[in-house]
Amino acid sequence: MGASKSEFFTAEQNELASVFKAMSHPARVAIIEYLLKVDTCICGDIVNELPLAQPTVSQHLKELKNAGLIKGNIEGTAICYCINPDMMKKIEDHFFAISKQLKNKCC
């Protein structure tokens, strides 16, 4: 979809589309799962967990951060990443609303 068409959708729809696009890569799913498992971590820890080079992991972290899925705090020369609970709540609410509507439908 061209960028010019995004104006026809709500801010929430555009935000969720951005989040789902960020989650559309298996490495990013793996990063989210790792952060959930360890609560917070430094980029180097993630590099040790994934079969990817450090610059590649950094690029994936940037995409996740830009989408609002994770947050990063600077600790000395490293950045400590964690899940953004506010965004996770938005995703949860979105899927809960879908699930609730599906219960009232039949095929």
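Worth pointing out:
- Counting only DSSP H runs of at least 4 residues, each contributing -39500 (n - 2.57), and dividing by the residue count of the chain, the helix-based mean residue ellipticity at 222 nm comes to -18500 deg cm²/dmol.
- Rg to Rh, two decimals, where the chain supplies the alpha carbon set and Rh follows Kirkwood: 1.05
- Accessible surface, per residue, of the chain when the full set of protein chains is kept, probe 1.4 Å, Å²: 70 Å²
- Taking the Cα centre of the chain as origin and assigning +1 to Lys and Arg Cβ atoms and -1 to Asp and Glu Cβ atoms, the resulting dipole is close to 400 debye.
- Extreme residue, positive dipole direction of the range 35-107, given options 99, 50, 88 (C-beta unit charges): 99
- Taking the 1.4 Å solvent-accessible surface of the range 15-95 as the whole, the part contributed by carbon and sulfur is 55%.
- For the chain, the longest piece that avoids every one of the trypsin sites (Lys or Arg not before Pro) found in DSSP loops with at most 11 other C-beta atoms within 10 Å covers 1-102.
The values are calculated or read from the model by the stated rules, or taken from the named source; none is laboratory data. Predicted model only: the values in this text are computed from it and were never measured. FYI the Cβ positions are ideal-geometry reconstructions off the backbone, even for glycines, and counts take in every protein chain you see. What goes into the accessible areas is simple: the full protein's heavy atoms, side chains included, and nothing from ligands, DNA or RNA. Shrake-Rupley method; radii C 1.70, N 1.55, O 1.52, S 1.80 Å.
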